[in-house]
Amino acid sequence: MSLNFPLILVLATFVTGVIWLVDALFFAPRRRAAAAAAGEAGGAGAVPARPPKEPVLVEYARAFFPVILAVLVLRSFVVEPFRIPSGSMIPTLLVGDFILVNKFAYGVRLPVIHTKILATGEPKRGDVVVFRYPEDPSVDYIKRVVGLPGDHIAYHDKVLYINGKRQPQQRVGTYIGKGAEISSSGSELKIENLDGVKHQILLRPGMHSREGETVVPPGYYFMMGDNRDNSRDSRYFGPVPEGNLVGKAFMIWMNWDSDRGGIGWDRIGKRIR
């Protein structure tokens, strides 16, 4: 069972906030009143009473509430970190890349229930997008948007066609992978042009690839991995509904692959295109 981190954050924020609020409204005034009464009972020469001490639970709740709330707001509405676990987006994203995702790009959504409360934009062809896997929404996937609502998408002989137009491919050379990407070595490295959005893809000569045609329904998006012959994407599970979108990937902030010797310094700060 996967860990529902957003739900944990919401519950932690709620619990610590309630503890702090209830104490501030009911118990803290009683402690202060009791301390004041004790001071008055001691007479004019008595040592002033110490400020009432907070219970340990309240002290921790007061300390952690603003921190947890800030993390919840940033993660839910602004930016969220993800780690790339597979090679389906090679060469754009490598195994071990830690990326940042703009949660504001396609609308502000409530955490846990994912209801959109503010529309801020729509995916564009060529965007690299994190979304909740349609067959198991608890799992996050990352792919590239190739088809918009209403588009006719076809994929034949390792070539993408959008509304009957062949998307140009320019061969760059042969891909040489390192570490976790070594299994992709020998693939053809090409630059694909998606209506002006240029990005690199990998194609494996002689390897079977899922083919077919479809029309993207309204409110859905067709996703494909850049590692075309090693990607489970919309060719297999169909178009992704708008409600499953999480955000737009925009930067690599860290890379770690022990097979490549640890930190990939050349990956840090790289923009995702």
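Readers should treat all values here as calculations from the given coordinates under stated rules, not as data from a laboratory. Everything numeric here is computed off the predicted structure, so don't read it as measured data. Here the Cβ positions follow ideal geometry from the backbone for every residue, glycine too, while neighbour counts run over all protein chains shown.
For the chain, place one equal point scatterer on every Cα, skip the solvent, and apply the Debye formula. What is log10 of I(q)/I(0) at q = 0.09, 0.14 Å⁻¹? Those come out to -0.54, -1.01, one per q. Here the chain is treated with +1 on each Lys and Arg Cβ and -1 on each Asp and Glu Cβ, and its dipole about the Cα centre works out to around 460 debye.
When only Cα pairs under 8 Å and 6 or more residues apart are kept, what is the percent relative contact order across the chain?
Numbers: 532 pairs, mean separation 52.8, N = 273.
So the answer I get is 19 percent.
The length gained by stretching the chain between PHE104 and TYR60 to full extension, at 0.36 nm per residue less their Cα-Cα distance, is 12.7 nm.
Sorted by mean Cβ packing within 10 Å, highest first, what order do the peptides 104-113, 244-253 take? Please report the intermediate quantities before stating the final value.
Numbers: 104-113: 16.3, 244-253: 20.1.
Highest to lowest by the protection proxy: 244-253, 104-113.
In the chain, a dipole from Cβ-located charges (positive for Lys and Arg, negative for Asp and Glu) runs towards its positive end, and of ILE191, MET89, GLY17 it is GLY17 whose Cα lies farthest in that direction. For the modelled label position 7 Å from the Cα of HIS208 along Cα-to-Cβ, which residues of segment 153-192 have backbone nitrogen atoms closer than 19 Å? Counting backbone N atoms under 19 Å from the label point, the list is 155-159. The order of TYR155, TYR133, going from fewest to most other C-beta atoms within 10 Å of their C-beta, is TYR133, TYR155.
Residue by residue, segment 73-83 carries 3J(HN,Hα) couplings of 5, 4, 5, 7, 10, 10, 8, 9, x, 9, 10 Hz when phi is fed to the Karplus relation 6.51 cos²θ - 1.76 cosθ + 1.60 (θ = phi - 60°); x denotes Gly or Pro. Among ALA37, ALA24, ALA180, the largest mean-square fluctuation in a Gaussian network model of the chain, built with springs joining Cα atoms closer than 10 Å, belongs to ALA37. Applying 0.36 nm per residue to the separation of ALA24 and TRP253 and subtracting their alpha-carbon distance, the gain on full extension is 78.4 nm.
Using the Cβ-Cβ distance between VAL79 and GLN169 with R0 = 25 Å, the FRET efficiency computed as 1/(1 + (r/R0)^6) comes to roughly 0.15. Taking the longest Cα principal axis of the chain as reference, the axis of helix 28-41 is set at about 20 degrees. Of the residues TYR60, TYR236, TYR141, the one with the fewest other Cβ atoms within 10 Å heads the list, and the complete ranking is TYR236, TYR60, TYR141.
Put in order of Cβ neighbour count within 10 Å, fewest first, the listed residues PHE27, PHE82 become PHE27, PHE82. Modelled spin labels at VAL112 and ARG271, positioned 7 Å past Cα toward Cβ, are 3.8 nm from each other.
Note on LYS178: aspartates and glutamates with a C-alpha under 15 Å away, same-chain residues under 8 apart excluded, are ASP97, ASP257, ASP259, ASP266.
Per-residue 3J(HN,Hα) values for segment 265-270, derived from phi via the Karplus relation 6.51 cos²θ - 1.76 cosθ + 1.60 with θ = phi - 60°, read 4, 6, 8, 5, x, 6 Hz in sequence order (x marks Gly and Pro). Rounded to the nearest Hz, the phi-derived 3J(HN,Hα) couplings of segment 174-183 under the Karplus curve 6.51 cos²θ - 1.76 cosθ + 1.60 (θ = phi - 60°) are 9, 7, 10, x, 10, x, 5, 8, 5, 5, where x marks glycine and proline. Computed from the C-beta positions of LYS198 and PHE14 and an R0 of 51 Å, the FRET efficiency is 0.65 to the nearest 0.05.
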